[in-house]
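Visitor: Take a look at this one; I'll ask things after.
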Amino acid sequence: MPPKQRKIAIMGYRSVGKSSLSIQFVEGQFVDSYDPTIENTFTKSTRVNSQDYEVKLVDTAGQDEYSIFPTQYSMDIHGYVLVYSITSAKSFEVVQIIYDKLLDITGKVHVPIVLVGNKTDLYVDRMVTTEQGKRLADSWHAAFLETSAKQNESVADIFHTLLMEIEKADGNVQEP
Ligand code: GDP
Ligand code: MG
């Protein structure tokens with residue numbers, strides 16, 4: 001089977017680790033300081049359930065509660081990674097605002113989404129519980145993961161989970 005082309009956007013408040021997760025997934029390394037204003041599209045081939053995918057990953061510059069949802073991220077995107085940091089209650093608030101705007105602008109009731117609580121290696125500074133994250137994702141009917149870009153913990157899972165969510169939305173049910 002030829003690879004399926006999928007375009008994914010990664011969004012969230014500033015400094016939650018969007019670029020770190022993107023670079024960890026695409027290049028397999030943790031970069032300690034990455035220009036927060038850079039918007040980049042990465043390409044990565046990956047395989048899930050014997051299907052090859054060519055993923056275009058759009059690493060956005062970050063949003064806050066006042067940001068207007070960028071229209072370029074509302075079109076021809078198959079699914080979204082919405083990221084907060086488990087060390088930042090503010091980033092958890094902002095991710096909910098981004099979600100509301102996302103549904104508004106796409107006009108869809110269901111969009112394939114993975115909610116990600118990043119920076120689990122900083123558990124001593126945890127401000128958002130796993131339960132809170134889970135509950136929010138459940139209310140969206142979205143998938144949920146906690147990750148560490150730094151320790152490469154569950155990073156590939158984000159993208160594999162999202163690709164499966166996209167298949168589900170397309171009506172291609174994936175039984176385990
Ligand atoms: P972005 O603004 O959302 O793209 O965030 P960055 O990827 O630029 O990361 C912001 C800061 O958080 C940088 O200093 C990163 O090194 C750091 N960071 C990102 N992910 C993690 C993580 O999983 N653990 C820790 N300890 N730091 C992280
Ligand atoms: Mg960034």
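The values are calculated or read from the model by the stated rules, or taken from the named source; none is laboratory data. Model, not experiment: these values are computed from the prediction. Quick reminder, even Gly has a Cβ in these numbers, built from the backbone with ideal geometry, and neighbours come from all protein chains shown. When the accessible area is computed, the model is the full protein with side chains, heavy atoms only, and any ligands, DNA or RNA have been set aside. Shrake-Rupley method; radii C 1.70, N 1.55, O 1.52, S 1.80 Å.
Each row is one residue, and each column tells you yes or no for (1) modelled with pLDDT under 95; (2) within 20 Å of Asn118 (Cα to Cα).
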position	(1), (2)
Asp32	yes, yes
Asn40	yes, yes
Tyr53	no, no
Leu57	no, yes
Gly62	yes, yes
Tyr66	yes, no
Thr71	yes, no
Asp76	yes, no
Gly79	no, yes
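Visitor: For Ser45, state whether it is open to solvent by less than 80 Å² (accessible area, probe 1.4 Å) and in contact (Cβ under 8 Å) with a residue 24 or more places away in the chain.
Guide: On the way: open to solvent by less than 80 Å² (accessible area, probe 1.4 Å): no; in contact (Cβ under 8 Å) with a residue 24 or more places away in the chain: yes.
No: the conditions fail for Ser45.
Visitor: Let me ask something additional. If I filter segment 78-85 for residues that are touching a strand residue (DSSP E or B) at 6+ places or on another chain (Cβ under 7 Å) and open to solvent by 10 Å² or more (accessible area, probe 1.4 Å), do I get at least one hit?
Guide: The first filter runs over segment 78-85 and keeps only residues touching a strand residue (DSSP E or B) at 6+ places or on another chain (Cβ under 7 Å), leaving 78-85.
From the residues that got through so far, the ones that are open to solvent by 10 Å² or more (accessible area, probe 1.4 Å) too are 78.
Checked against the condition, which is being touching a strand residue (DSSP E or B) at 6+ places or on another chain (Cβ under 7 Å) and open to solvent by 10 Å² or more (accessible area, probe 1.4 Å), segment 78-85 yields at least one hit.
Visitor: Tally up the residues in segment 88-117 that are in contact (Cβ under 8 Å) with a residue 24 or more places away in the chain and either out of contact with any strand residue (DSSP E or B) (no Cβ under 9 Å at 6 or more places or on another chain) or farther than 15 Å from Lys18 by Cα (or both), please. Write out each step before concluding.
Guide: Here is the first cut: in segment 88-117, the ones in contact (Cβ under 8 Å) with a residue 24 or more places away in the chain are 88-99, 101-102, 104-106, 110-117.
Narrowing the set further to residues that are either out of contact with any strand residue (DSSP E or B) (no Cβ under 9 Å at 6 or more places or on another chain) or farther than 15 Å from Lys18 by Cα (or both) leaves 88-90, 93, 96-97, 99, 101-102, 104-106, 110-112.
Total meeting the criteria: 15.
Visitor: Open to solvent by less than 70 Å² (accessible area, probe 1.4 Å), in a strand (DSSP E or B) and at pLDDT 95 or above - does that describe any residue in segment 151-173?
Guide: Checked segment 151-173: no residue is open to solvent by less than 70 Å² (accessible area, probe 1.4 Å), in a strand (DSSP E or B) and at pLDDT 95 or above.
Visitor: Taking segment 135-150 as the region of interest, how many residues are in a loop (DSSP other than H, G, I, E, B) and in contact with a Leu (Cβ under 6 Å, 6 or more places away or on another chain)?
Guide: Filtering segment 135-150 for residues in a loop (DSSP other than H, G, I, E, B) gives 141-142, 147, 149-150.
Then drop every residue that is not in contact with a Leu (Cβ under 6 Å, 6 or more places away or on another chain), which leaves 142, 149.
Of the residues in segment 135-150, 2 are in a loop (DSSP other than H, G, I, E, B) and in contact with a Leu (Cβ under 6 Å, 6 or more places away or on another chain).
Visitor: For segment 21-42, enumerate the residues that are of a type in the set (Ser, Thr, Tyr) and either at positive phi or buried (at least 17 other Cβ atoms within 10 Å of the Cβ) (or both). Outline the logic, then answer.
Guide: So in segment 21-42, the residues of a type in the set (Ser, Thr, Tyr) come out as 22, 33-34, 37, 41.
Correct list: Ser22 only.
Visitor: Next up: May I ask you to list the residues in segment 44-70 that are within 18 Å of the chain's Cα centre (by Cα) and hydrophobic (A, V, I, L, M, F, W, C)?
Guide: Once the filter is applied, which keeps residues that are within 18 Å of the chain's Cα centre (by Cα) and hydrophobic (A, V, I, L, M, F, W, C), segment 44-70 yields Val48, Val55, Leu57, Val58, Ala61, Phe69.
Visitor: Hey, can you tell me all the residues within segment 48-68 that are open to solvent by 20 Å² or more (accessible area, probe 1.4 Å) and near ligand 1 (Cβ under 10 Å from one of its atoms)?
Guide: Pass one, segment 48-68, residues open to solvent by 20 Å² or more (accessible area, probe 1.4 Å): 49-50, 52, 54, 56, 61-62, 64-68.
Across segment 48-68, the qualifying residues are Ala61, Gly62.
Visitor: A follow-up question, please. Which of the numbered conditions does Thr71 fail, given that it passes all the others? Conditions: (1) hydroxyl-bearing (Ser, Thr, Tyr); (2) open to solvent by 40 Å² or more (accessible area, probe 1.4 Å); (3) touching a residue at least 40 places away in the same chain (Cβ under 8 Å).
Guide: Condition (3) is where Thr71 drops out.
Visitor: What is the one condition in (1) over 22 Å from Leu57 (Cβ atoms); (2) free of Cβ contacts under 8 Å to residues at least 40 places away in the same chain that Ser148 does not satisfy?
Guide: With respect to (1) over 22 Å from Leu57 (Cβ atoms); (2) free of Cβ contacts under 8 Å to residues at least 40 places away in the same chain, Ser148 is out only on (1).
Visitor: Those residues that are on the phi > 0 side of the Ramachandran plot and near ligand 2 (Cβ under 9 Å from one of its atoms), I need them from segment 10-20; list them, please.
Guide: At the first step, the residues of segment 10-20 found to be on the phi > 0 side of the Ramachandran plot are 12, 15, 17.
Result: Ser15, Gly17.
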